[in-house]
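Single-structure report; data block below.
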Amino acid sequence: MKVGDLVKVADCPTYSRDDCGCFFCFYDSSRIGVVKEQEEYRRGCQMWTVQFDCGEWELANDEAEVISESG
(Lines give C-alpha, C1' and ligand atoms only; values in the text may rest on other atoms or scores of the structure.)
Protein backbone atom coordinates (compact mmCIF):
# COMPACT_ATOMS: atom_id res chain seq x y z
CA MET A 1 0.00 0.00 0.00
CA LYS A 2 1.23 3.51 -0.77
CA VAL A 3 -0.10 7.08 -0.95
CA GLY A 4 -2.52 7.48 -3.87
CA ASP A 5 -3.57 3.82 -4.03
CA LEU A 6 -7.26 2.97 -4.22
CA VAL A 7 -8.14 0.42 -1.55
CA LYS A 8 -11.17 -1.59 -0.44
CA VAL A 9 -12.01 -2.71 3.07
CA ALA A 10 -13.71 -6.10 3.43
CA ASP A 11 -17.40 -6.28 4.26
CA CYS A 12 -18.38 -7.01 7.85
CA PRO A 13 -19.18 -10.61 8.71
CA THR A 14 -22.67 -9.62 9.94
CA TYR A 15 -25.69 -10.55 7.85
CA SER A 16 -27.01 -6.99 7.65
CA ARG A 17 -25.44 -3.56 7.91
CA ASP A 18 -28.24 -2.73 10.34
CA ASP A 19 -26.78 -5.30 12.76
CA CYS A 20 -23.33 -3.66 12.80
CA GLY A 21 -22.19 -0.42 14.40
CA CYS A 22 -18.73 -0.17 12.82
CA PHE A 23 -17.59 3.07 11.15
CA PHE A 24 -18.26 1.76 7.63
CA CYS A 25 -21.69 0.22 8.30
CA PHE A 26 -22.84 3.18 10.42
CA TYR A 27 -22.22 5.58 7.52
CA ASP A 28 -23.32 3.07 4.83
CA SER A 29 -19.92 3.40 3.15
CA SER A 30 -18.87 1.88 -0.16
CA ARG A 31 -15.69 0.79 1.72
CA ILE A 32 -13.52 2.10 -1.12
CA GLY A 33 -11.01 4.85 -0.36
CA VAL A 34 -7.80 6.60 -1.37
CA VAL A 35 -4.64 6.35 0.74
CA LYS A 36 -3.78 9.89 1.87
CA GLU A 37 -0.70 9.46 4.04
CA GLN A 38 1.60 7.04 5.75
CA GLU A 39 1.34 7.07 9.53
CA GLU A 40 3.63 5.83 12.28
CA TYR A 41 4.38 2.16 12.69
CA ARG A 42 1.97 0.95 15.43
CA ARG A 43 0.11 -2.16 16.52
CA GLY A 44 2.93 -4.21 15.02
CA CYS A 45 2.40 -2.90 11.47
CA GLN A 46 2.48 0.13 9.19
CA MET A 47 -0.56 2.41 9.52
CA TRP A 48 -2.18 4.53 6.78
CA THR A 49 -4.76 7.35 6.70
CA VAL A 50 -7.39 6.58 4.06
CA GLN A 51 -10.12 8.92 2.76
CA PHE A 52 -13.44 7.10 2.32
CA ASP A 53 -16.80 8.45 1.14
CA CYS A 54 -17.81 8.81 4.80
CA GLY A 55 -14.59 10.39 6.10
CA GLU A 56 -11.00 9.52 7.03
CA TRP A 57 -10.08 6.31 8.78
CA GLU A 58 -6.76 4.83 9.84
CA LEU A 59 -5.94 1.33 8.62
CA ALA A 60 -3.13 -1.19 8.90
CA ASN A 61 -1.62 -2.87 5.81
CA ASP A 62 -3.63 -6.05 6.32
CA GLU A 63 -6.99 -4.29 6.77
CA ALA A 64 -7.45 -3.26 3.14
CA GLU A 65 -6.91 -4.68 -0.34
CA VAL A 66 -5.26 -2.48 -2.99
CA ILE A 67 -7.60 -2.44 -5.99
CA SER A 68 -5.72 0.15 -8.08
CA GLU A 69 -2.15 1.34 -7.62
CA SER A 70 -1.19 4.99 -8.07
CA GLY A 71 0.99 5.89 -11.05
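The values are calculated or read from the model by the stated rules, or taken from the named source; none is laboratory data. Being a predicted model, the structure only gives us computed values, none of them experimental. Neighbour counts run over all protein chains shown; Cβ positions are idealised from the backbone, glycine included. All accessible areas refer to the heavy atoms of the entire protein, side chains included, with ligands and DNA or RNA removed. Shrake-Rupley method; radii C 1.70, N 1.55, O 1.52, S 1.80 Å.
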Exercise. Does Gln38 qualify as being part of a strand (DSSP E or B), of a type outside the set (Asp, Glu) and within 12 Å of the chain's Cα centre (by Cα)?
Worked result: no
Problem set entry | Selection count where residues are open to solvent by less than 40 Å² (accessible area, probe 1.4 Å) and among the small types (Gly, Ala, Ser), scope the range 19-69 | 5
Seminar exercise, completed: By residue number, the members of the range 41-71 that are among the hydrophobic types (A, V, I, L, M, F, W, C), at pLDDT 90 or above and assigned to a strand (DSSP E or B) are Met47, Trp48, Val50, Phe52, Trp57, Leu59, Ala60, Val66, Ile67
For this session: Tell me which residues, restricted to the range 1-18, are open to solvent by 40 Å² or more (accessible area, probe 1.4 Å) and in contact with a Lys or Arg (Cβ under 9 Å, 6 or more places away or on another chain).
Result: Val3, Lys8, Ala10, Asp11
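So that you can scan it fast, the table gives a plain yes or no per residue for (1) touching a strand residue (DSSP E or B) at 6+ places or on another chain (Cβ under 9 Å); (2) free of Cβ contacts under 8 Å to residues at least 60 places away in the same chain:
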| position | (1), (2) |
| --- | --- |
| Ala10 | yes, yes |
| Gly21 | no, yes |
| Ser30 | yes, yes |
| Glu39 | yes, yes |
| Ile67 | yes, no |
| Ser70 | yes, no |
